[in-house]
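Worksheet: the structure to be examined is printed underneath.
The values are calculated or read from the model by the stated rules, or taken from the named source; none is laboratory data. Not measured: the values here are computed from a predicted model. Ideal geometry is used to build each Cβ from the backbone, glycine not excepted, and the neighbour counts take in all protein chains shown. Protein only, heavy atoms only, side chains kept; ligands, DNA and RNA dropped before computing areas. Shrake-Rupley method; radii C 1.70, N 1.55, O 1.52, S 1.80 Å.
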Amino acid sequence: MMLSNSWIFSFFLFSLLSSSCAQRPSSKQSSFVQCLSSHSNVSIPFSTTFFAPNSSAFTTILNSTAQNLRYVVPSMPKPEFIFTPTHDSQVQTAVICSKQLGIHLRVRSGGHDYEGVSYVSQIETPFIVVDLAKLRSVNVDIQANSAWIQAGATVVKFTTELQRKAKLMASQPVFAQFRRGRAI
């Protein structure tokens, strides 16, 4: 049985258009990227910070901090894309851009989200995820009795840094001030 040339051409054209559309970012993604580029004062390496569903790393990044496995099933709504900022100012820019473009935003931080509200949205679709995992520095100043912890830091990272600083301080003499027999 011979197929007509028009049917073969139609099938070829449909296949070509389908594959090219699947790899092209959506208009929301393109608009968001353009907005980030125009509003950010820090260079954004999009190849390592922006993940669309057709990216091979998308599912891995989406599920990386999932604490409740019922939210990672295929039937749950997925974000349009994931943005992982590398600088504090990029978070602000992402919030501004999502508001300007009318895109619902979910922010995921240090991984302690047992309800899945930072990476799943059943009422606000479509949505995006801003994943703060790359913003995870911890700075502990024992002498000033303070700590600066970025939102992407995990409890493990914080306690490890605190223990490291405490060990360093243990090797130095500690002088306590006393007032009426009590340490201050």
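Of the residues making up segment 20-45, those that are modelled with pLDDT of 80 or more, open to solvent by 40 Å² or more (accessible area, probe 1.4 Å) and out of contact with any strand residue (DSSP E or B) (no Cβ under 9 Å at 6 or more places or on another chain) are Ser27, Ser30, Ser31, Gln34, Ser37, Ser38, His39, Asn41, Val42, Ser43, Pro45. Is it fair to say Asp131 is among the acidic types (Asp, Glu), modelled with pLDDT of 85 or more and in contact with a strand residue (DSSP E or B) (Cβ under 9 Å, 6 or more places away or on another chain)? In short, yes.
So which residues in segment 51-62 are of a type in the set (Ser, Thr, Tyr) and part of a helix (DSSP H, G or I), if there are any at all? Thr59, Thr60, listed by residue number. From the list Thr93, Thr48, Thr125, Thr65, the lone residue that is outside any loop (DSSP other than H, G, I, E, B) and either open to solvent by 60 Å² or more (accessible area, probe 1.4 Å) or at pLDDT below 90 (or both) is Thr48.
Among the residues of segment 141-157, those identified as open to solvent by less than 60 Å² (accessible area, probe 1.4 Å) and modelled with pLDDT of 85 or more are Gln150, Ala151, Gly152, Ala153.
Just the residues that are at pLDDT below 85 and open to solvent by less than 20 Å² (accessible area, probe 1.4 Å), please, taken from segment 96-112. Gly110, Gly111 - these are the residues of segment 96-112 that are at pLDDT below 85 and open to solvent by less than 20 Å² (accessible area, probe 1.4 Å). Residue count for segment 25-45, restricted to those that are of a type in the set (Gly, Ala, Ser), farther than 15 Å from Pro126 by Cα and part of a loop (DSSP other than H, G, I, E, B): 2. For segment 70-90, the criterion of being modelled with pLDDT under 85, surrounded by 16 or more Cβ atoms within 10 Å (Cβ to Cβ) and not hydrophobic (A, V, I, L, M, F, W, C) is met by at least one residue.
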